[in-house]
1. Would you pick out the residues in region 423-442 that are surrounded by fewer than 18 Cβ atoms within 10 Å (Cβ to Cβ) and either touching a residue at least 40 places away in the same chain (Cβ under 8 Å) or farther than 22 Å from Gln304 by Cα (or both)?
2. Please verify whether region 227-249 includes one or more residues that are closer than 28 Å to Ala211 by Cβ and charged (D, E, K, R).
3. Taking the condition of being open to solvent by 10 Å² or more (accessible area, probe 1.4 Å), touching a helix residue (DSSP H, G or I) at 6+ places or on another chain (Cβ under 6 Å) and assigned to a loop (DSSP other than H, G, I, E, B), how many residues in region 149-184 meet it?
4. If we only count helices (runs of 4 or more DSSP H) wholly inside region 483-584, which ones have 2 or more residues that are in contact with a helix residue (DSSP H, G or I) (Cβ under 6 Å, 6 or more places away or on another chain), open to solvent by less than 50 Å² (accessible area, probe 1.4 Å) and not β-branched (Val, Ile, Thr)?
5. Specify the residue that is nearest to Val384 (Cα to Cα); the eligible residues are those in region 403-414 that are open to solvent by less than 70 Å² (accessible area, probe 1.4 Å) and more than 39 Å from the chain's Cα centre (by Cα).
6. So Lys417 fits all but one of (1) touching a Pro at 6+ places or on another chain (Cβ under 8 Å); (2) of a type outside the set (Phe, Trp, Tyr); (3) open to solvent by 10 Å² or more (accessible area, probe 1.4 Å); what number is the exception?
7. Considering only residues of region 443-471 that are of a type in the set (D, E, K, R) and within 13 Å of Phe284 (Cα to Cα), which is most open to solvent (accessible area, probe 1.4 Å)?
8. Please go through region 371-395 and give me each residue that is within 17 Å of Ser326 (Cβ to Cβ), buried (at least 16 other Cβ atoms within 10 Å of the Cβ) and among the charged types (D, E, K, R), ordered by number.
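The values are calculated or read from the model by the stated rules, or taken from the named source; none is laboratory data. Not measured: the values here are computed from a predicted model. Cβ sites come from the backbone with ideal geometry, for glycine too, and all protein chains shown count toward neighbours. SASA here: full protein model, heavy atoms, side chains in, ligands and nucleic acids out. Shrake-Rupley method; radii C 1.70, N 1.55, O 1.52, S 1.80 Å.
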Amino acid sequence: MRKLVLILIISVVIFNCKDTALKTPLHHTTAVNWQPVQNYYSKQMQHAILFLDTLETQGVSGKHTKHYFTKVRQAFKRAEPYAAYLNPQVGHKVNGPALPVYKEDNGKILKPNGLQKLEETIYDTHNENDFKREIYVLKGMLNILNANIIHRALNAKRFFISTHQQLLRLVALAMSCFDTPVSKLSIQETATSLESLEHVYLNSIAPIIKAKNIDLHKDFINQIAGAIALAKSNKVPDAFDRYTYIKAHLNPITKHWVAIRKVSGLWQRPFKGHPLNFDAPTFFETNSFNAHYFQTSTSALPSQTEIALGKQLFFEKKLSESGTMSCATCHNPDKAYTDGLQFGLDNTNAKLARNTPTLINSVFQKSFFWDGRSQSITDQITAVFTNTKEFNTDVHRFSNRLLKDSTYTALFEEIYKNTPKTNKITIKALSAYVATLYSFNSKFDKNIRGDIDTFTESEKNGFNIFMGKALCATCHFIPLTNGTVPPFYNETEKEVIGVPATNANKTLDDDLGFYWVFGEDLHKGMFKTPSIRNIEHTAPYMHNGVYSTLEEVMNFYNKGGGSGLGFNIEHQTLPFDKLNLTTKEQNDVIAFMKTLNAPLTDY
C-alpha cells in the first residue's frame with residue numbers, strides 16, 4: 001500500500017512539473033535571489049510533515065495532541081502561499097472542508113481528508129482509526145506539495161500572485177474560521193501567515209523597496225506588526241472585531257503590497273486569465289474582480305455594441321416560440337432581476353418548480369441554475385432556449401422574426417459581419433449583457449474600503465456575527481458572498497441544508513436538486529450557494545421560495561437547518577445543529593445583509 005502511494009506521489013509531481021513547463025515559462029530575474037524564499041517554503045512544509053509524525057505518536061486524545069495539531073497547521077500556513085499556488089487541487093484537499101468528494105469520472109465517493117477532517121477527529125469524534133488514516137493520507141499530500149516547491153523555481157510572477165492570493169485567504173477564509181470551524185484557530189493563524197509574508201518579503205525584495213521608497217517599506221513593516229499583535233492577542237474568536245481588522249489592518253496591508261509590487265518593477269500583472277485584479281488596492285473595489293475570467297477565459301472581450309445588442313435582446317419576446325416570453329419576463333430589472341414570485345411562471349403562466357434567482361452578480365459563479373447543472377452563463381441561457389416550458393426554440397435555427405426589425409439586421413452585420421443562421425450568436429450577445437449585471441458599490445463596499453464611514457453599530461455587529469458565530473461566511477464567501485471558492489474561484493459550492501416544503505417547517509421539501517444530475521444519494525437536496533448581494537430586493541428566498549422574509553431565513557439557520565427542524569438528512573452540510581443566536585444578533589445580521597444592496601441604477 002505504501003509503495004503504491006509513493007508511486008502515485010512521484011507520478012503527480014512529475015506530471016505537474018511537465019504540465020507547468022509547457023504552460024508557464026519561468027521568468028528569472030537577476031535583481032532578486034528567490035532561492036532563500038523557495039527554501040523557506042520547503043522547510044516549513046517539511047516541518048509540517050515532521051509535526052505530523054509527532055502528532056501521530058500522541059494518539060487522537062493524547063496530552064499534547066492539540067498542541068502538535070496546531071504546530072502542523074502553523075507550519076502549513078507558512079508554506080501555503082506557494083504550495084497551493086503550484087498545486088491548487090492538492091492544496092485545497094489539504095485545507096478544504098471535511099466533506100466526502102464525489103468523483104464524476106468514476107462515480108466513486110472519497111472519504112473526507114485533510115486538516116479540517118483531522119481537526120474534527122481530534123476535537124470531536126476521537127476515532128483512533130480515522131486519526132491514523134487521516135494522518136497517513138495527509139502526509140502523502142504534504143509530500144506532494146513539498147516536491148512541487150522543490151522542483152518548481154520561484155520567480156517574481158509566482159511570488160506576487162501567490163502572496164496576493166494568501167492575502168485574500170486571510171480576508172475571505174481566515175476571518176470566517178473556514179479553515180478551522182471547530183478549533184477556530186484561524187484568527188491567530190492570521191498572525192502566522194502575516195509573519196510568513198514579512199519573512200519572505202525581507203528575504204527577497206525588501207532591499208529594492210528600501211532603495212526606491214523607504215517610507216513604503218517602513219509603513220508596510222509597521223502595518224504588519226500591528227496586525228500580527230492584534231491577531232495574536234485574540235482569545236475569543238467569536239468576539240473578534242473582524243470588520244475593524246479587515247478595514248484598518250488587512251486592507252492597508254493589501255494596499256501596501258500592491259504598491260510594493262509596482263515599485264519593485266519586477267512583474268506587471270495581466271488582467272485576463274486571472275479572477276483578481278492585482279492592481280486593485282483592496283478586495284472590495286468596484287474593479288477587484290475580473291468578470292470576463294468567470295464568464296470564459298478564452299474568448300475575446302465583448303464589445304460595447306455586442307453588450308448593447310444583448311441588452312436589447314434581453315427584452316425581446318420574439319426569441320420565444322410563443323412570442324410571449326423574454327428574459328425580462330422572469331428577470332425584471334425593476335425587481336432586482338427576479339420576478340418577486342415564489343415560483344417562476346412558464347410560457348403558459350403555469351408555475352415552474354423553483355424560485356427565479358436574481359441575475360445580479362450571477363457572473364461570479366461556476367455553476368448555474370439552483371441545482372448547478374450548467375457550468376456557464378452561455379449554457380444556462382441555452383437551456384432556457386431549448387426548455388419546452390420556457391423559450392421552446394431550437395438553438396440551431398435562428399428566428400427570422402427578428403430580422404423584420406432593421407435595427408437587429410444592422411447590429412448583426414456590424415458586430416458579426418453577417419446575418420446569423422442559428423441562435424448561438426443571440427445567446428452569445430445575451431451572455432455578454434448578463435455578465436455586466438454586477439456592482440460592488442453597496443454601503444458595505446464603500447464602508448469597508450474606506451470611502452465613507454456610515455456603518456451603524458448594528459450593521460458592524462451583524463458583519464462580525466455573519467463572519468463568525470453565525471458561520472454564514474463559511475458558505476457565502478466575502479466579498480462576493482456566494483459559494484465560489486476563493487482564492488482560485490474555479491468551483492461554486494453546493495450545499496445540503498434541508499429546506500422545508502412550507503414555512504411551517506413541518507416537512508422536508510421533495511425537490512432533490514443536484515441529485516438528478518448523477519443520481520448519487522450524497523447529492524439529495526443539494527443546491528448551489530447563491531450570492532446574497534441585493535438580498536433585501538430578491539424575496540422570496542430559497543430554491544422553492546419558501547420564506548418571504550429574512551427573519552424566517554435567519555430563524556431556519558439558527559435552528560440548525562433541516563436537521564435542527566427534525567428532518568432526517570444524512571448528508572446535511574451545515575456544520576452545527578444550532579447557532580444559538582439571540583433575536584438581537586439575528587436582527588444585526590439582517591441589518592448587515594441589507595448593506596449589500598447596490599442601487600438598481602447600477603445595472
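1. Going through region 423-442, the residues surrounded by fewer than 18 Cβ atoms within 10 Å (Cβ to Cβ) turn out to be 424, 436, 441.
Residues satisfying the conditions are Thr436, Asn441.
2. no
3. 5
4. Values: elements: 515-518, 550-558, 561-564.
Fully inside region 483-584 and qualifying: 550-558.
5. First, the residues of region 403-414 that are open to solvent by less than 70 Å² (accessible area, probe 1.4 Å): 403, 405, 407-412.
After this cut, where a residue has to be more than 39 Å from the chain's Cα centre (by Cα) as well, the list is 403, 405, 407, 409-410.
Working: Leu403: 21, Asp405: 23, Thr407: 24, Thr409: 23, Ala410: 26 Å.
The qualifying residue nearest to Val384 (Cα to Cα) is Leu403.
6. Result: Lys417 fails condition (1) only.
7. Taking region 443-471 and keeping what is of a type in the set (D, E, K, R), we get 443, 445-446, 449, 451, 453, 457, 459-460, 469.
Then drop every residue that is not within 13 Å of Phe284 (Cα to Cα), which leaves 443, 445-446, 449, 451.
Values: Lys443: 67, Asp445: 0, Lys446: 65, Arg449: 25, Asp451: 96 Å².
Only one residue tops the list, namely Asp451.
8. If the condition is that a residue be within 17 Å of Ser326 (Cβ to Cβ), buried (at least 16 other Cβ atoms within 10 Å of the Cβ) and among the charged types (D, E, K, R), then Glu390 is the only one that fits.
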